[in-house]
Amino acid sequence: MVPRNLKSAFYLVGEARPGSAAAPGRAWRHWCSRSAIALNLVCTLLLVSAAAKAADKSEPETDRKAFQAFFFAKFPHVAKDDFGNGPYAVNEAMRKQWKEIMEFPPYEIALDEGHAEWEKPFANGKHYADCFDNKGEGVRQTYPRFVAETGQVETLEGAINRCRVENGEKPLDPMTGTMASLTAAMAESSRGKPFAITIPDDPRALAAYERGKEFFYSRKGQLGVSCASCHMSPAGERMRGDILAPALGILAAMPIYRSDWGSMGTSIRRISTCSSQTRALPLKADDEDYRNLEYFLSYMSNGIPIVGPGTRP
Amino acid sequence: MIRAIILAAGLAFLSQPAFAATQAEAEAALAAAQAAESEAIAAKAAWTSTETALSNARKAFAAAKWDEAKAAADEATAQAKLSVEQSNEQKTVWRNAVIR
């Protein structure tokens, strides 16, 4: 296509000067030939550059298929619906321990607290349920969401805090405590519902997704590792005493009771802990980068059922 | 006896650090480290190890240990610069790791 266009351009240029004194001259033909080569080079460079840009541009659904295919090939014996159980889905010994732990799930107390808090009215008489679709029942799988009004991604914790502030209450710590209890109650009502994250037809939403993807694959911290460094190829392997969870479905069990913490924590608490483990200085809990990361990771897990609240070592 | 005294004095002199940092040098190193770390934080590229080195530098400075303060501050500066460098480099190379 490029040579044809150039060829016609070349002849047009050449034929535009037939009456000129230089037209039949050797110098003129030489000049035309050199111009055509230069033009050819420029057009080729432009096309190569455009192709490279097209290859860099994210196609979320293509990304998701490749992402999930990677894990289905890596763990052919793990059922798709089991990926939300993280290390317990990919390591038999840990799964046995987990089954015993789940006889008395360590998140039960938080779950009870979450349900009680959910029912408690705000000072203005309104409830959390008034802020959410379907009164907050079975909606956890649709978070994080892109909010057109703000042009930013909103996590479930962000939506709960926005609800509180709009109703005259103080925001909660988005990492733990009552927030984790509330999200536990919301997650429980979504158990079995597959992640259904949407990226609306808005360039800002795609940009947020792209930045989340960049965060996931970028090496950070003094140890120079990315989220992908631990949760893609090495997933299922040991890192010291831990089994690395696959990135697919990694947020499906959130919030979690983590034995290492001795308490409940939200997705942001876990991501923040990961940052520290790479010796990167954690960002603020509601930092846009963390929200975008959650957006990307949750979108990658579309189709994986919610299993939260969960438990982890 | 005189030889022994001269020898002891010589040894005592040699055992001192060749370039002992002054308070002003330590202060300058600490200021440079803080500036470099602020830049790293602004770029969301900071490392916890830099914070540790910076904290050690502050403690040593408060204890009037100028050499220690300068050494820790220099370490913090180097780490802060590396963290920004890492962040800039990752702005393009992360694409190489994407699963396709």
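The values are calculated or read from the model by the stated rules, or taken from the named source; none is laboratory data. The structure presented is a predicted model; accordingly, all values stated were derived computationally and were not measured. Heads up, the Cβs are rebuilt from the backbone with ideal geometry, glycines too, and the neighbour counts pull from every protein chain shown.
Yes/no per residue for (1) surrounded by 19 or more Cβ atoms within 10 Å (Cβ to Cβ); (2) away from chain B (no Cβ under 14 Å); (3) in a loop (DSSP other than H, G, I, E, B); (4) out of contact with any Gly (no Cβ under 9 Å at 6 or more places or on another chain):
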position: A:LYS135; (1), (2), (3), (4): no, yes, no, yes
position: A:PHE146; (1), (2), (3), (4): yes, yes, no, yes
position: A:GLU157; (1), (2), (3), (4): yes, yes, no, yes
position: A:ASN161; (1), (2), (3), (4): yes, yes, no, yes
position: A:GLY168; (1), (2), (3), (4): no, yes, yes, yes
position: A:PHE215; (1), (2), (3), (4): yes, no, no, yes
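Number of residues in the stretch B:71-100 that are more than 10 Å from every other protein chain (Cβ to nearest Cβ), within 12 Å of B:GLU37 (Cα to Cα) and over 12 Å from the mean Cα position of the chain (by Cα): the value is 1. Cβ-Cβ contacts under 8 Å between residues 6 or more apart (or on different chains), taken from a first residue in the stretch A:198-210 that is farther than 11 Å from A:GLU59 by Cα to a second residue that is modelled with pLDDT under 95 and of a type outside the set (S, T, N, Q), are absent.
What tally of residues in the stretch A:235-284 results from selecting those that are at positive phi and not small (Gly, Ala, Ser)? Break it down stepwise before answering.
First, the residues of the stretch A:235-284 that are at positive phi: A:236, A:240, A:249, A:262, A:279.
Then keep just the ones that are not small (Gly, Ala, Ser); that gives A:240, A:279.
Matching residues across the stretch A:235-284 total 2.
Six or more apart or on different chains, Cβ atoms under 7 Å: show the pairs whose first residue is in the stretch A:273-286 and in contact (Cβ under 8 Å) with a residue 60 or more places away in the chain and more than 8 Å from every other protein chain (Cβ to nearest Cβ) and whose second is of a type in the set (S, T, N, Q) and assigned to a helix (DSSP H, G or I). Once the first residue is in contact (Cβ under 8 Å) with a residue 60 or more places away in the chain and more than 8 Å from every other protein chain (Cβ to nearest Cβ) and sits in the stretch A:273-286, its partners that are of a type in the set (S, T, N, Q) and assigned to a helix (DSSP H, G or I) give A:ALA285/A:SER272.
Looking at B:ALA28, B:ALA64 in this structure, which one is surrounded by fewer than 17 Cβ atoms within 10 Å (Cβ to Cβ), in contact (Cβ under 8 Å) with a residue 12 or more places away in the chain and either closer than 20 Å to A:LEU281 by Cβ or more than 14 Å from every other protein chain (Cβ to nearest Cβ) (or both)?
Numbers: B:ALA28 fails: in contact (Cβ under 8 Å) with a residue 12 or more places away in the chain.
The conditions single out B:ALA64.
Which residues, taken from the stretch A:224-243, are farther than 24 Å from B:GLU85 by Cα, assigned to a loop (DSSP other than H, G, I, E, B) and either within 14 Å of chain B (Cβ to nearest Cβ) or in contact with a helix residue (DSSP H, G or I) (Cβ under 7 Å, 6 or more places away or on another chain) (or both)? Can you show your working first?
Initially, the stretch A:224-243 is screened for residues farther than 24 Å from B:GLU85 by Cα, giving A:231-243.
Applying the additional criterion that residues be assigned to a loop (DSSP other than H, G, I, E, B) yields A:232-237, A:240-241.
Within the stretch A:224-243, A:MET232, A:SER233, A:PRO234, A:ALA235, A:GLY236 meet the criteria.
Out of the residues in the stretch B:41-63 meeting the condition of being of a type in the set (A, V, I, L, M) and in a loop (DSSP other than H, G, I, E, B), tell me which one is farthest from B:GLU89 (Cα to Cα). That would be B:ALA63.
Evaluate the following for A:SER181: is it assigned to a loop (DSSP other than H, G, I, E, B), touching a residue at least 12 places away in the same chain (Cβ under 8 Å) and within 18 Å of A:LYS135 (Cα to Cα)? Here the answer is no, as A:SER181 does not meet what is asked. Screening the stretch A:62-123 for helices (runs of 4 or more DSSP H) wholly inside it with 1 or more residues that are surrounded by fewer than 18 Cβ atoms within 10 Å (Cβ to Cβ), on the phi < 0 side of the Ramachandran plot and at pLDDT 95 or above returns the ranges A:92-101, A:108-119. Of the candidates A:GLY249, A:GLY221, the single residue that is in contact (Cβ under 8 Å) with a residue 12 or more places away in the chain, away from every other protein chain (no Cβ under 14 Å) and of a type outside the set (Ser, Thr, Tyr) is A:GLY249.
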